[in-house]
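Below is one structure, written out as structure tokens; the observations come after it.
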Amino acid sequence: MQIPLYENTILAEEKQAIYDVVESGQMSFGSKCLAFEDRFATHLGAKNAVFVNSGSSANLLAFFALANPLVKLPDGQRRITPGSEVIVPAVTWSTTIWPIIQAGATPVLVDSDPRTLQMKSESVEAAISDKTVGICPVHVLGNSCDLDFLQDFASKNSLWLMEDTCESLGGKWESQFLGTFGVAGTYSFFFSHHITTIEGGMITTNNDEFAELLRTLRAHGWTRHLKNKDKVEKQHSDIDPRFLFINTGFNVRPTEINAAIGLIQIEKLGRFNERRVQIANTWNNEFSELIEAGEIIPNTPTTKASPVFFGYSAICKNTETRNKFKDTLDKAGIETRHIICGNMARQPAFKHFEHRVAGDLDGADTIMDRGIYWGANPGLSDEQVNYVTKTVKDFFN
């Protein structure tokens, strides 16, 4: 039996939507992209959603907006400038950190908790300096960072709070969706994520001016899809409004095909996530004796969090056991991964770029050296779930 990390959820309805877009002849950014933005924002309870071509681009735009000279600064907050520091967990994906460096700032890597996989609050607190301008919590593998602490800490120290929610779409802290607590939240719709648009990402924000800045940066610094387009054009009436550029920018626009898929997938998100949680709960129950014996530590929900498990993770007692466990699962047809990039501070790329490590990264090392995860995707049948259960139990017993 094969247990993939993810199974294709693009079915007949999505395929028809793709065909309809192609037949329409309107395939570049247009009305469907705008409709998907509105639907996504409504679903999460955010004022604005800005659709881009990947979760990586969502992070890129968010950090470049915080570095842009036109960003509006609340009292006491500072924009990213060369030498600024942004606190980020050591356990994350590379594209959380590269945009910080590309925007001119220095990432400050802090430790993560092997039980929850999230950045440690005490490590964040110890990492602050007079150069710190922001914090980027990363909600890892469907769980949540401690947003009570992070909101309070950011507010007290006049810091930007930018949530990377690319692995936790639909997760909540108490009753509020992740990604809606700070100045911005980012999401990924890559093929293996909670919903897919094949490639795609989104930035949510409750700050209207920040949203307009993101829309400008998304398309060359162009005014084409601004909400206040008419007002801006009147301020520059001597320039052809079809070719009016008011800022720098990128070209990270998605297509109408991506949006057509997204409009269908967003309606399935709740059902998909319910199945993910059901599968993870089944395994937690089945593996309770292994967990109590300390053979594995699963992804443990942070207090007040309602996770939407991206996969089922396990921290083993040591690296040798993890490696043997991984080999057993792989040979059984159960696709596995180490837990994202592990401790990013150990990646060779950091030899070439300025960064700071705040305190020890023992927890991140534990996650990297002893961690593993496999799919908890909504397409798994009960038979497949039971097969994984038996394979895991057989290994440890």
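A short reminder: the numbers here are calculations on the coordinates, not readings from a lab. This one's a predicted model, so the numbers in the text were calculated from it and none came from an experiment. Reconstructed Cβ throughout: ideal geometry from the backbone, glycine too, with neighbour counts over all protein chains shown.
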Practice problem: Find which of ILE239, ILE315, LEU147 sits farthest along the positive direction of the dipole of the chain, computed with +1 on the beta-carbon of Lys and Arg, -1 on that of Asp and Glu, about the Cα centre. | Solution: ILE239
Quiz item: Just how large is the dipole of the chain about the Cα centre, in debye to the nearest 20, putting +1 at every Lys and Arg Cβ and -1 at every Asp and Glu Cβ?
Solution: 680 debye
Quiz item: Counting pairs on different chains as well as pairs 8 or more places apart, how many Lys pairs in the stretch 269-396 have Cα atoms under 19 Å apart?
Solution: 8
Quiz item: At q = 0.08, 0.11, 0.13 Å⁻¹, what is the log10 ratio I(q)/I(0) for the chain, with the Debye formula run over Cα points and no solvent?
Solution: -0.43, -0.80, -1.09
Quiz item: Going toward the positive end of the dipole of the chain, with +1 on Lys and Arg Cβ and -1 on Asp and Glu Cβ, which of ASN284, VAL183, GLY333 do you reach last?
Solution: VAL183
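Filter the trypsin sites (Lys or Arg not before Pro) in the stretch 284-361 to those in DSSP coil with at most 15 other Cβ atoms within 10 Å of their Cβ, and list the result.
Details: sites: LYS304, LYS317, ARG322, LYS324, LYS326, LYS331, ARG337, ARG346, LYS351, ARG356; in loops: LYS304, LYS317.
Passing sites in the stretch 284-361 are LYS304, LYS317.
Counting other Cβ atoms within 10 Å, which trypsin sites (Lys or Arg not before Pro) in the stretch 1-47 have at most 16 and lie in a DSSP loop?
Values: sites: LYS15, LYS32, ARG39, LYS47; in loops: LYS47.
Sites meeting the loop and neighbour criteria: LYS47.
Only bridges with both residues in the chain count here: give the DSSP antiparallel percent, nearest 5.
On the way: 27 of 44 bridges.
Bridges in the chain are about 60 percent antiparallel.
Any idea what the relative contact order of the stretch 271-358 is, in percent, if you count C-alpha pairs under 8 Å spaced at least 6 apart?
Working: 43 pairs, mean separation 19.0, N = 88.
It comes to 22 percent, rounded to a whole number.
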Self-check item: the chain, helix-only ellipticity at 222 nm - DSSP H runs n ≥ 4, -39,500 (n - 2.57), divided by all residues, nearest 500
Solution: -11500 deg cm²/dmol
Practice problem: Quick one: check the C-alpha center-to-center distance for the stretch 129-199 versus the stretch 257-292, whole angstrom. | Solution: 19 Å
Practice problem: Return the single residue from ASP111, ASP240, ASP38 with maximal mean-square fluctuation; model: Gaussian network over the chain, springs between Cα atoms under 10 Å. | Solution: ASP240
Self-check item: Karplus 3J(HN,Hα) series, Hz, for the stretch 323-336 with 6.51 cos²θ - 1.76 cosθ + 1.60 (x for Gly, Pro)
Solution: 5, 5, 4, 4, 4, 5, 5, 4, 5, 7, x, 9, 5, 10
Quiz item: For the stretch 269-372, what is the Kirkwood hydrodynamic radius in Å, using each pair of distinct C-alpha atoms?
Solution: 15.6 Å
Self-check item: Share of alpha-carbon pairs per 5 Å distance bin for the stretch 125-201, given as whole %
Solution: 3, 16, 26, 22, 15, 10, 6, 2, 0
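In the structure displayed, which of LYS120/LYS172; LYS131/LYS231; LYS72/LYS268 lie more than 27 Å apart, Cα to Cα?
On the way: LYS120/LYS172 18 Å; LYS131/LYS231 36 Å; LYS72/LYS268 36 Å.
With Cα atoms farther than 27 Å apart: LYS131/LYS231; LYS72/LYS268.
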Quiz item: Over all Cα pairs of the stretch 187-298, how is the pair count split among 10 Å bins, expressed in % and running from 0 up to the last occupied bin?
Solution: 12, 27, 24, 17, 11, 6, 3, 0
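If you count the DSSP beta bridges with both ends in the stretch 1-150, what percent of them are antiparallel, to the nearest 5? Show your work: numbers first, answer last.
Details: 1 of 9 bridges.
Taking every DSSP beta bridge with both residues in the stretch 1-150, the antiparallel ones total about 10 percent.
Only four residue types carry charge here, +1 at the Cβ of Lys and Arg and -1 at the Cβ of Asp and Glu. Report the dipole size of the stretch 146-203 about the Cα centre in Debye, rounded to the nearest 20.
Values: 2 positive and 8 negative charges, 24 e Å.
The dipole magnitude comes to about 120 debye.
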